[in-house]
Amino acid sequence: MSEEIKTFGLDNDEIRGNQFTKYAGKKGEVHRCGIVYTDPKAMFVGTKVHYFQRYFICKKGLCCDKVGLAKYRIGAVLVKYATDNLGNPKKPFGYEILPWMFGEQTYTKLKTADSEFPLASHDIKISCTNEDYQNLDINSCRESIWQAKAELKESILAEAKHCWEWVKKGLASDLSVEEIKDLILGTQTSSEGAADPVAPVNLDDVLKSV
Ligand SMILES: [Zn+2]
């Protein structure tokens, strides 16, 4: 697609900078959303990660020994409609495109919803039972609002592209084995050599943060 020069006022929603606010469920609010995709076989992106101060990709080694089992972290692009707190779309119609990142538990719930009402053609209502842990419940909707009108679908797909790239990159840090070692053991790779005693890691703290 070629970029063209155009004029506009302050109503240009395409200009949002490079940062996205990630989707988060809120207790007491039902959000109506759709998973935006171009290929139903590639609605999600995922990788096995650990959490230790931040998400990082499992490199099968020290990370698994020290931080525990690697778990899938999954990402998708959501269109979140402007709704009331029960998830009923507001007038005038509005939406946001948001990156969504979640764990295995939510994926399993999406899978269950999908088995009855394919996510490719049905929106979902997301309710949240615990904000801190993002424990979410998923209910299927009868239709997919963003796909109902060709024009809307087209502009949402175009908007989602950038977000999808961001999700793929933002899922977890791709650290080297050496960086993982530094992160977990708290050692500084320095000129002092490798003989320094390793700082003890409080595994209880680690487990709490998983
Ligand atoms: Zn690992």
message: Going residue by residue through the stretch 54-65, is there one that turns out to be assigned to a loop (DSSP other than H, G, I, E, B), within 21 Å of the chain's Cα centre (by Cα) and either at pLDDT below 95 or of a type in the set (S, T, N, Q) (or both)?
response: no
message: Exactly one condition in (1) on the phi < 0 side of the Ramachandran plot; (2) within 16 Å of the ligand (Cβ to nearest atom) is false for residue 60; which is it?
response: (1)
- prompt: Which residue out of 69, 110, 78 is closer than 25 Å to residue 19 by Cα, among the aliphatic types (A, V, I, L, M) and either surrounded by 15 or more Cβ atoms within 10 Å (Cβ to Cβ) or without any contact (Cβ under 8 Å) to a residue 12 or more places away in the chain (or both)?
  reply: 78
- request: For the stretch 39-54, name all the residues that are touching a strand residue (DSSP E or B) at 6+ places or on another chain (Cβ under 7 Å) and within 12 Å of the ligand (Cβ to nearest atom).
  value: 47, 48, 49, 50
- request: Give the residues of the stretch 130-149 that are more than 16 Å from residue 108 (Cα to Cα), polar (S, T, N, Q), touching a strand residue (DSSP E or B) at 6+ places or on another chain (Cβ under 6 Å) and surrounded by fewer than 18 Cβ atoms within 10 Å (Cβ to Cβ), sorted by residue number.
  value: none
message: Looking for something within 16 Å of the ligand (Cβ to nearest atom), outside any helix (DSSP H, G or I) and charged (D, E, K, R) - is there at least one such residue anywhere in the stretch 71-88?
response: yes
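The values are calculated or read from the model by the stated rules, or taken from the named source; none is laboratory data. Model, not experiment: these values are computed from the prediction. Glycine gets a Cβ as well: all are built from the backbone with ideal geometry, and neighbour counts include every protein chain shown.
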